[in-house]
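Everything on this sheet refers to the single structure shown next.
The values are calculated or read from the model by the stated rules, or taken from the named source; none is laboratory data. Values in this document were obtained by computation on a predicted structure and should not be read as measured data. With ideal geometry, Cβ positions are generated from the backbone for all residues, glycine too; neighbour counts draw on all protein chains shown. Note: areas computed on protein heavy atoms with side chains; ligands, DNA, RNA excluded. Shrake-Rupley method; radii C 1.70, N 1.55, O 1.52, S 1.80 Å.
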Amino acid sequence: MKIKLGVFFGGRSVEHEVSVITGIQTINNLDKSKYDVIPIYISRENSFYTGERIGNIEEYRDIKALIKKSVRIIPVSGSGRCELIRYPLKRLGSSVYDYIDIAFPAVHGTNTEDGTIQGFFRTLDIPFVGSDILPSAAGMDKYAMKTLFRDAGLPVLDAYRFNSKEYYKSPGNIVQTLEEKLRYPMIVKPGNLGSSVGIKIARDRGGLGDAIDYAAGFARTILVENAVENLMEINCAVLGDYENARASECEQPLSFDEILSYEDKYVSGGKSTGKGMGGLRRIIPAPIDDGVREDIRSLAIRAFKALDCSGVARVDFLMDKLSGEVWVNEINTIPGSLAYYLWEPLGMKYSQLLDEMISLAMKRQREDSEINYEIETGILAGFSGGGSKGVKL
Ligand SMILES: Nc1ncnc2c1ncn2[C@@H]1O[C@H](COP(=O)(O)OP(=O)(O)O)[C@@H](O)[C@H]1O
Ligand SMILES: [Mg+2]
């Protein structure tokens, strides 16, 4: 029997649109002889919709109209699988619209990729593709991720983190600390966004204030680090899990400006070609020596394992072209377009990548089923009720 696969995309995130592209690409590239694919669009209001049109990219030109023509559903756990219940419920007959065996999150950014949707799938008790809750959450928090990388002995740039409220109480103190610990130019980033949103370079004290004000508009936590000079960016994807993980080809993403912007990543190439991240201006393979390539590939695998990731992730590096120094910048636990274009040069097709990701989800479910989630304590049986002391476990 075919696996019923629910592909989830969208959600309340600044990367909503990019997620629609990744979601639809995933749907289009899944092997339909193996999977019965159910597209599930999460609106910006976090409502779930499915139906025939939901898997068609053309329909997203007018999302309001699309929603009107689609079926709103609520996923609920039931009899070992996840049922999709029509909402509002039907007055007569069953409201079960369909069901899914496995969830495939093709989401990017906060409120989705950051462990939120993974937690939702765990609560529904349904196997899901990709990293579990903790790696997903850590991968979205730039400081938490750095800390885990550093702990695993990986090269990362020192960063200073603060809360924007703390800054506005005494901006002078924070600026002083930053100037003591770091040097100009500095990079100021919101602590937990993606796609370069809210990021600015600061060349002097005035620029630092402006960059902090800008980042504060996007997140409460702000991160500042030294800007890498003679910058060359290199990305490498990793596929697997804690046991076996392998690295893809390396790419050099190209920017039109100092900072690789949202515009660079998705609009310039993405819109016209419809390729999502696959349309970004980039050089594959990255123009680096074989030795550097191998170093980066093995650092990428170590970074993937440091967070205990699963499925496919993309690890992004910063390199000083002149000194040759390399730092792990960040990991994307659900990379744009699932980084399919980094596997193709190694002979792996998009559909094969998706097959492997789904197999890994099934493997994790088998391993999970060997874990005990219940222990016999007898606490409730011996609880006589009405006690005001409560129980201390
Ligand atoms: N320390 C740094 N030095 C120089 N450029 C940086 C640095 N950190 C980030 N950048 C630039 O900003 C871009 C976005 O930063 P990144 O940390 O990758 O955040 P995001 O999660 O938004 O992608 C990078 O692709 C790079 O172009
Ligand atoms: Mg990045």
Notebook entry, point to check: Among the listed residues L157, L231, L208, which satisfies the condition of being away from ligand 2 (no atom under 16 Å from the Cβ) and either modelled with pLDDT of 95 or more or under 20 Å from P253 (Cβ atoms) (or both)?
Noted result: L208
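What residue, of L182, L193, L208, L223, is buried (at least 18 other Cβ atoms within 10 Å of the Cβ), over 23 Å from the mean Cα position of the chain (by Cα) and within 13 Å of ligand 1 (Cβ to nearest atom)?
Numbers: L193 fails: over 23 Å from the mean Cα position of the chain (by Cα); L208 fails: within 13 Å of ligand 1 (Cβ to nearest atom); L223 fails: over 23 Å from the mean Cα position of the chain (by Cα).
Of the residues listed, the single one that is buried (at least 18 other Cβ atoms within 10 Å of the Cβ), over 23 Å from the mean Cα position of the chain (by Cα) and within 13 Å of ligand 1 (Cβ to nearest atom) is L182.
Could you tell me whether K200 is among the charged types (D, E, K, R) and surrounded by fewer than 16 Cβ atoms within 10 Å (Cβ to Cβ)? Explain how you work it out, then say what you get.
Details: among the charged types (D, E, K, R): yes; surrounded by fewer than 16 Cβ atoms within 10 Å (Cβ to Cβ): no.
Considered against the rule, which asks whether it is among the charged types (D, E, K, R) and surrounded by fewer than 16 Cβ atoms within 10 Å (Cβ to Cβ), K200 comes out as no.
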Margin query: Looking at region 307-327, I want the residues that are within 15 Å of G130 (Cα to Cα) and of a type in the set (A, V, I, L, M, F, W, C) and have a partner that is more than 12 Å from ligand 1 (Cβ to nearest atom) and assigned to a loop (DSSP other than H, G, I, E, B) with Cβ atoms under 6 Å, at least 6 apart or on another chain. Which pairs are those?
Written below: C309/S131
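Within region 324-340, restricting attention to residues that are within 16 Å of ligand 2 (Cβ to nearest atom) and open to solvent by 10 Å² or more (accessible area, probe 1.4 Å), which residue is nearest to V107 (Cα to Cα)?
Keep residues of region 324-340 that are within 16 Å of ligand 2 (Cβ to nearest atom), which gives 326-339.
If we keep only those that are open to solvent by 10 Å² or more (accessible area, probe 1.4 Å) too, we end up with 326-327, 329-330, 332, 334.
Numbers: V326: 29, W327: 26, N329: 21, E330: 17, N332: 11, I334: 7 Å.
If we take residues in region 324-340 being within 16 Å of ligand 2 (Cβ to nearest atom) and open to solvent by 10 Å² or more (accessible area, probe 1.4 Å), then I334 is nearest to V107 (Cα to Cα).
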Next item on the list: Could you list, in sequence order, all residues of region 88-107 that are in a loop (DSSP other than H, G, I, E, B) and under 29 Å from the mean Cα position of the chain (by Cα)?
Entry: D101, A106, V107
Next item on the list: Report, by residue number, each residue of region 108-146 that is among the charged types (D, E, K, R) and within 10 Å of the chain's Cα centre (by Cα).
Entry: E113, D114
Note to self: So if I check each of I63, I40, I21, which one is within 24 Å of the chain's Cα centre (by Cα), aliphatic (A, V, I, L, M), at pLDDT 95 or above and within 20 Å of G119 (Cβ to Cβ)?
What the structure shows: I40
Next item on the list: Tell me, yes or no, whether region 148-161 has at least one residue that is open to solvent by less than 50 Å² (accessible area, probe 1.4 Å), without any contact (Cβ under 8 Å) to a residue 12 or more places away in the chain and in the same structural domain as A300 (by TED's automatic domain parsing).
Entry: no
Margin query: Checking V129 against (1) open to solvent by 50 Å² or more (accessible area, probe 1.4 Å); (2) in contact (Cβ under 8 Å) with a residue 40 or more places away in the chain: exactly one of these is not met. Which one?
Written below: (1)
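Condition check: assigned by TED's automatic domain parsing to the domain that holds C250, more than 16 Å from ligand 1 (Cβ to nearest atom) and over 23 Å from the mean Cα position of the chain (by Cα). Does V312 satisfy that?
Details: assigned by TED's automatic domain parsing to the domain that holds C250: yes; more than 16 Å from ligand 1 (Cβ to nearest atom): yes; over 23 Å from the mean Cα position of the chain (by Cα): no.
Judged against the criteria, V312 is not a match.
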Note to self: Return the residues of region 347-381 that are part of a helix (DSSP H, G or I), without any contact (Cβ under 8 Å) to a residue 40 or more places away in the chain and within 22 Å of L30 (Cα to Cα); say none if nothing qualifies.
What the structure shows: Q352, S359
Margin query: Kindly evaluate R86 against the criterion of being surrounded by fewer than 22 Cβ atoms within 10 Å (Cβ to Cβ) and either at pLDDT below 95 or assigned by TED's automatic domain parsing to the domain that holds T333 (or both).
Written below: no
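Of the residues S13, S77, which single one is in the same structural domain as N111 (by TED's automatic domain parsing), part of a loop (DSSP other than H, G, I, E, B), touching a residue at least 40 places away in the same chain (Cβ under 8 Å) and over 21 Å from M357 (Cα atoms)?
Values: S77 fails: part of a loop (DSSP other than H, G, I, E, B).
Being in the same structural domain as N111 (by TED's automatic domain parsing), part of a loop (DSSP other than H, G, I, E, B), touching a residue at least 40 places away in the same chain (Cβ under 8 Å) and over 21 Å from M357 (Cα atoms) holds for just one of S13, S77, which is S13.
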Item checked: Residue in region 25-39 that is open to solvent by less than 30 Å² (accessible area, probe 1.4 Å) and among the hydroxyl-bearing types (S, T, Y) present -> yes
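Restricting the search to region 234-253, which residues are over 23 Å from A202 (Cβ atoms) and within 14 Å of ligand 2 (Cβ to nearest atom)? Let's see the steps before the verdict.
Pass one, region 234-253, residues over 23 Å from A202 (Cβ atoms): 234-252.
Selection gives I234, N235, C236, A237, E251, Q252.
Being among the acidic types (D, E) and open to solvent by 50 Å² or more (accessible area, probe 1.4 Å) is the requirement here; does D62 meet it?
On the way: among the acidic types (D, E): yes; open to solvent by 50 Å² or more (accessible area, probe 1.4 Å): yes.
Criteria met by D62.
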